[in-house]
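**Student:** Supplied in structure tokens, the structure appears directly below.
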Amino acid sequence: MAKNVWISNGHSTRYLRSADDRGQTPYEEESIQNNMTFAEKVYEAVKKIPRGKVTTYKEIGRLINSKGYQAIGQALRCNPYAPIVPCHRVVASDLSLGGFMGKKEGHSIKRKIALLRAEGVEINGGKVVKSSLWQESQNK
């Protein structure tokens, strides 16, 4: 039997009509995704990266259907949800460390290296070892 429900994506709440008895509709997930900001989509994708693994800005772009890799980096630079959204687990496509906290060198990068190593990520010559690379398609 259809009923009306309130749904929330954690940032906004809205009214949804014609849900089934479990409160779900085939459009609910799509509607939430469409109402998310670009940064929220980035954060949701980054939350999927398991501890001890890294992924690339390009892979995050693939997950959210965007080629705005620099914009992904900017969203992560402004990440208000660290460490719940583990932005330190995102690296460049060549497996170099990329940025951290808006910096590409100095204390910020040393901190990124320390966080990754504490999780078991191997880093050699300023690059992440390929065995630490994660892609969502590996888990399907």
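**Student:** What is the gain in length, in nm to one decimal, between residue 111 and residue 38 on full extension, counting 0.36 nm per residue of separation less the C-alpha to C-alpha distance? All intermediate terms of the calculation are to be shown ahead of the outcome.
**Tutor:** Values: separation 73, 0.36 × 73 = 26.28 nm, distance 2.62 nm.
Answer, rounded to one decimal: 23.7 nm.
**Student:** Ok, one more. Report the rotationally averaged projected area of region 63-102 based on its alpha-carbon convex hull, in square nanometres. Don't skip to the answer; put the middle values down first.
**Tutor:** Details: hull surface 11.9 nm².
Projected area, direction-averaged: 3.0 nm².
**Student:** While we're looking at this one, here's another question. Could you work out how much longer the chain between residue 66 and residue 82 gets when fully extended? Use 0.36 nm per residue separation minus the Cα distance between them, nm to one decimal.
**Tutor:** On the way: separation 16, 0.36 × 16 = 5.76 nm, distance 2.22 nm.
Working it through step by step, the gained length comes to 3.5 nm.
**Student:** Report relative contact order for region 35-140 in percent, whole number only (criteria: Cα-Cα under 8 Å, sequence separation at least 6).
**Tutor:** Values: 130 pairs, mean separation 31.7, N = 106.
Value for region 35-140: 30 percent.
**Student:** Another question, if that's okay. Pop a pseudo-label 7 angstrom from the Cα along the beta-carbon direction at both residue 118 and residue 130 and give the gap in nm to one decimal.
**Tutor:** 3.0
**Student:** Still on this structure, please answer the following. Would you kindly derive the ³J(HN,Hα) couplings of region 39-49 from the backbone phi angles with the Karplus curve 6.51 cos²θ - 1.76 cosθ + 1.60 (θ = phi - 60°), listing them in order in whole Hz, with x for Gly and Pro?
**Tutor:** Residue by residue, region 39-49 yields 4, 4, 5, 4, 4, 4, 5, 5, 4, 7, 5 Hz.
**Student:** For residue 96 and residue 47 in one chain, what is 0.36 nm times their gap in residues minus the Cα-Cα distance, to one decimal in nm? Walk me through the intermediate numbers first.
**Tutor:** Values: separation 49, 0.36 × 49 = 17.64 nm, distance 2.04 nm.
Extending this stretch completely gives an extra 15.6 nm.
**Student:** On to the next question. Based on the Kirkwood radius over alpha-carbon pairs, what value in µm²/s does the Stokes-Einstein equation return for the translational diffusion coefficient of region 37-139 at 37 °C and 0.692 mPa s? Show your work: numbers first, answer last.
**Tutor:** Numbers: Rh = 13.3 Å.
The calculation lands on 247 µm²/s.
Each reported figure results from applying straightforward, stated rules to the coordinates on display, with no laboratory input. Keep in mind the model is a prediction, meaning the values are calculated, not measured. We place every Cβ from the backbone using ideal geometry, glycine too, and count neighbours over all the protein chains shown.
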